[in-house]
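Notes to accompany the following structure.
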């Protein structure tokens, strides 16, 4: 299947330090794709370039039929991309309900109450995000994704610090989005959880990326096991 999002051979340096030299990315409708990589190798930078939040030094971003040498986030968002950052998406200045309604109005989105029920946050709709636990905030952010109804979701380390219940809710939501035709791409370090969620694995290392394939094939990749998972992982 043709990817809806393609990031081709991007490079990026910060203050003279090369983070990415030739990295690529694919997001495919109906699939959950996971990008693994150690801290500091450029996973978040790659996602920000894909979302138009950071300009690359070289390479290109393709979304649908559109190609960009330097993509811009508002343009990609209007085309159907949703970027879920590793920091808080929702503002503490408004209630969860108010912000979900903003997404609904701006993008002619789905019903707020139905999205809240899907993420089990009905009782938190009239609270501000800073009054919620980390897991509740993350579920509220995913409710924003459901309301928005994007074509492609990029989620940067969404499982970080979550309790098992919240992690399971994220996984079921990602799988439901993919089943509805959304292209879902996630980064993280929660190996068992992400392997269970994924259709396809990519590995970001040494400034570039490798397409490893489905989880069963990925676990047979000796270099990935040795350099990322480590000898301890069974």
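Kindly indicate whether any position in the stretch 33-41 is touching a helix residue (DSSP H, G or I) at 6+ places or on another chain (Cβ under 6 Å), assigned by TED's automatic domain parsing to the domain that holds residue 72, surrounded by fewer than 20 Cβ atoms within 10 Å (Cβ to Cβ) and touching a residue at least 40 places away in the same chain (Cβ under 8 Å).
no
Restricting attention to the stretch 60-80, report how many residues are within 12 Å of residue 48 (Cβ to Cβ) and crowded, with 18+ Cβ neighbours inside 10 Å.
3
Considering only residues of the stretch 203-234 that are in a strand (DSSP E or B) and out of contact with any helix residue (DSSP H, G or I) (no Cβ under 9 Å at 6 or more places or on another chain), which is farthest from residue 12 (Cα to Cα)?
213
State which residue pairs qualify: first residue over 10 Å from residue 144 (Cα atoms) and inside the stretch 97-113, second residue at pLDDT 95 or above and crowded, with 20+ Cβ neighbours inside 10 Å in any location, beta carbons under 6 Å apart, and separation of 6 or more residues or different chains.
107/148
Only one of 211, 141 is modelled with pLDDT of 95 or more and not assigned by TED's automatic domain parsing to the domain that holds residue 56. Can you tell me which?
That would be 141, the only listed residue that is modelled with pLDDT of 95 or more and not assigned by TED's automatic domain parsing to the domain that holds residue 56.
The values are calculated or read from the model by the stated rules, or taken from the named source; none is laboratory data. Everything numeric here is computed off the predicted structure, so don't read it as measured data. Glycine gets a Cβ as well: all are built from the backbone with ideal geometry, and neighbour counts include every protein chain shown.
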